[in-house]
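Visitor: Take this structure, written in structure tokens, and hold onto it; I'll ask about it next.
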Amino acid sequence: MVKADAYGHGAVPVALALQAAGADGFSVATFDEALDLRAGGVTLPILVLYPVPPEVVTTAAREAIALALGPGLATTRILAAAAAAARAGAPTVQVHLEIETGLGRGGVLPADVPDVIEVLRRAEGVTLAGLWTHLAAADDPANALAQDARFSAVATRLAGDLELGLGPDGIRRHLAGSGGVLGADVLRWDTVRTGLATYGLVPDGLVPAEATRDAASRLRPVMSLHARPVRVLELPEGHGVSYGPTYVTTRPTRIATLPLGYADGWRRVLTDRAEALVRGVRVPIVGRVAMDAIMADVTGVPGPPVTEDDEFVLLGAQGDERITAYDLAAVCGTISYEIVTGMSRRLARVYDAAGSAVGARTLTGGRPEWPASSFGTATSATSRSTPS
């Protein structure tokens with residue numbers, strides 16, 4: 001799963017690294033995300049998991065981008081567009097039919113699946129390449145197993161009554177994301193769609209199953225967030241910091257201004273509630289989070305005064321201390337997914353492999369052309385987000 005800019009890590013660089021490491025293909029949420037991958041040099045199969053406008057179906061056919069289908073007008077219009085594209089000479093579009101097993105968000109109800117399959121069999125310009133569903137609560141084994149059973153019943157009926165060729169070499173079945181892989185005792189079927197775990201995080205609240213507990217414990221977060229101050233200044237007692245102000249100094253206070261704010265994904269709810277690491281020491285972030293700046297009180301950092309040359313870590317490790325996406329999510333009342341996907345594109349991404357930087361992505365710097373050999377065969381390339 002490389003949707004949402006690869007969960008905030010940078011879709012094209014991450015997909016190229018995973019492609020070099022042996023991934024089978026990629027899933028995204030929107031058609032534009034798929035086109036971005038193709039433009040960036042990704043050649044593996046790509047599946048768009050949400051309905052697309054019929055106007056893009058011809059492009060999907062030509063770019064070998066598979067489409068997800070469900071019930072209703074969206075599917076009717078996509079099939080009509082695929083037929084028109086085929087008559088105009090476009091390649092066949094691969095489609096994956098979503099089955100509604102309990103998420104309540106998309107897909108065809110199990111009782112209606114045979115009728116939809118018959119429609120697909122008669123449709124011109126499409127090939128049924130997959131059947132899939134998605135777990136509503138991978139952290140609830142009973143709920144997950146019930147969905148898996150519903151999906152299995154549909155697949156069994158299709159293989160028997162309709163004689164569909166299901167399996168790795170035919171119509172591929174897929175159900176499990178990261179939660180299903182690490183937590184629920186569901187079938188892996190023919191493909192899994194790992195998302196958050198690809199980036200070194202266990203889904204929030206999930207207790208890994210005994211069989212995967214060791215693997216889950218070895219996951220390491222891919223992303224860290226670094227910044228250097230644009231100003232470090234001692235403010236007098238009684239001086240306000242940032243808008244409001246919500247923080248007023250009670251003594252001469254050394255304040256470091258870091259050039260990122262809520263427009264970069266450092267959420268405003270973190271005002272006066274978060275910390276940063278500098279020289280391996282935790283320091284408070286003080287004052288209201290602004291669009292482009294946050295301030296840290298570095299008065300108590302041991303040694304020479306902190307300067308503009310010091311590196312701050314807002315997400316990640318420094319010395320023996322660590323700030324995790326789970327920590328920030330707990331303060332914000334959300335989940336780690338929202339923390340990492342919320343990192344804006346204007347934060348530069350620096351990619352490391354085997355301890356050395358192999359590339360970077362900035363807002364205006366274009367897309368670097370990194371050879372696949374830069375990443376070797378491992379998936380350990382890391383993203384260090386720093387204000388550009």
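Visitor: Using 1/(1 + (r/R0)^6) with R0 = 35 angstrom and r between the beta carbons of residue 243 and residue 308, what's the FRET efficiency to the nearest 0.05?
Guide: 0.95
Visitor: For region 272-331, just say rounded, prolate or oblate: build the C-alpha gyration tensor, square-root its eigenvalues into a ≥ b ≥ c, call rounded for a/c under 1.5, and beyond that prolate if a/b exceeds b/c, oblate if not. Provide the component values of the computation, followed by the final result.
Guide: Values: a/c = 1.91, a/b = 1.19, b/c = 1.60.
It comes out oblate by the Cα gyration axes.
Visitor: Let me ask something additional. Just check region 202-271 against the gyration tensor rule for me: Cα atoms, a ≥ b ≥ c as the square roots of the eigenvalues, rounded for a/c under 1.5, and otherwise prolate or oblate depending on whether a/b exceeds b/c. It would help to have the intermediate numbers written out before the result.
Guide: Working: a/c = 3.20, a/b = 2.83, b/c = 1.13.
Because a/c hits 1.5 or more and a/b exceeds b/c, region 202-271 counts as prolate.
Visitor: Let me ask something else. Taking the Cα centre as origin and putting +1 on Lys and Arg beta-carbons and -1 on Asp and Glu beta-carbons, what dipole magnitude results for the chain, to the nearest 20 debye? If you can, show how the numbers build up before the last one.
Guide: Values: 34 positive and 41 negative charges, 111 e Å.
The calculated dipole for the chain is roughly 540 debye.
Visitor: Let's test this: bin the Cα-Cα distances of the chain at 20 Å from zero up to the farthest pair and state each bin's percent.
Guide: 25, 49, 22, 4
Visitor: Need one number: % antiparallel among DSSP beta bridges in the chain, to the nearest 5. Kindly include the intermediate steps, with their values, before the conclusion.
Guide: Details: 36 of 60 bridges.
If I count the DSSP bridges inside the chain, around 60 percent turn out antiparallel.
Visitor: Can I ask one more? Grab the Cα-Cα distance for residue 234 and residue 38, subtract it from 0.36 nm times how many residues apart they are, and report the gain in nm with one decimal. Don't skip to the end; give the middle numbers.
Guide: Details: separation 196, 0.36 × 196 = 70.56 nm, distance 5.02 nm.
Going from the current span to full extension adds 65.5 nm.
Visitor: Cut-off 10 angstrom, C-alpha nodes, Gaussian network model of the chain. Which of 212, 58, 257 fluctuates the most?
Guide: 212
Visitor: What does the C-alpha gyration tensor say about the overall shape of region 1-130? Classify as rounded when a/c is under 1.5, otherwise prolate if a/b is larger than b/c, or oblate.
Guide: Because a/c hits 1.5 or more and a/b fails to exceed b/c, region 1-130 counts as oblate.
Visitor: Another question, if that's okay. Which ³J(HN,Hα) values in Hz, rounded to whole numbers, follow from the phi angles of region 242-254 under the Karplus curve 6.51 cos²θ - 1.76 cosθ + 1.60, where θ = phi - 60° and Gly and Pro get x?
Guide: 6, 5, x, x, 8, 9, 10, 5, 10, 7, x, 10, 8
Visitor: Taking amide H positions as placed in the peptide plane 1.01 Å from N, state which residues far from residue 27 in sequence (5 or more) or on other chains have amide H under 5 Å from it.
Guide: 2, 47
Visitor: Something else about it: Can you tell which of 219, 189, 155 lies farthest toward the positive end of the dipole of region 136-236, using +1 and -1 charges on the Cβ of basic and acidic side chains (Lys, Arg; Asp, Glu)?
Guide: The Cα lying farthest towards the positive end belongs to 219.
Visitor: Same structure again: Taking 0.36 nm per residue of separation and subtracting the Cα-Cα distance, what length does fully extending residue 118 through residue 145 add? Numbers along the way, then the final one.
Guide: Details: separation 27, 0.36 × 27 = 9.72 nm, distance 2.80 nm.
The span from residue 118 to residue 145 would gain 6.9 nm if fully extended.
Visitor: Within a Cβ distance under 15 Å of residue 289, other residues only, what is the Lys/Arg minus Asp/Glu net charge?
Guide: Numbers: positive: 267, 268, 273, 288; negative: 264, 272, 275, 292, 297.
Value of the local net charge: -1.
Visitor: Got a number for the accessible area of residue 43? Probe 1.4 Å, square angstrom, nearest 10.
Guide: 110
Visitor: Can you give the extra length, in nm with one decimal, that the chain gains between residue 327 and residue 362 once fully stretched, where that is 0.36 nm per residue apart less the Cα-Cα distance? Don't jump to the answer; show the numbers that get you there.
Guide: Numbers: separation 35, 0.36 × 35 = 12.60 nm, distance 2.66 nm.
That pair, residue 327 and residue 362, stretches by 9.9 nm at full extension.
Visitor: Using each residue's phi in region 273-280, evaluate 6.51 cos²θ - 1.76 cosθ + 1.60 at θ = phi - 60° and report the 3J(HN,Hα) Karplus result to the nearest Hz, with x for Gly and Pro.
Guide: So the Karplus estimates, Gly and Pro as x, are 10, 10, 10, 10, 10, 9, 6, x Hz.
Visitor: What's the carbon and sulfur percent of region 141-196's accessible surface, probe 1.4 angstrom, rounded to a whole number? Write down the numbers at each step before the final one.
Guide: On the way: 1270 of 2440 Å².
Whole-percent figure for carbon plus sulfur exposure: 52.
The values are calculated or read from the model by the stated rules, or taken from the named source; none is laboratory data. What you see is a predicted model, and the numbers here were worked out from it, not measured in a lab. Reconstructed Cβ throughout: ideal geometry from the backbone, glycine too, with neighbour counts over all protein chains shown. With ligands, DNA and RNA removed, areas are computed over all heavy atoms of the protein, side chains included. Shrake-Rupley method; radii C 1.70, N 1.55, O 1.52, S 1.80 Å.
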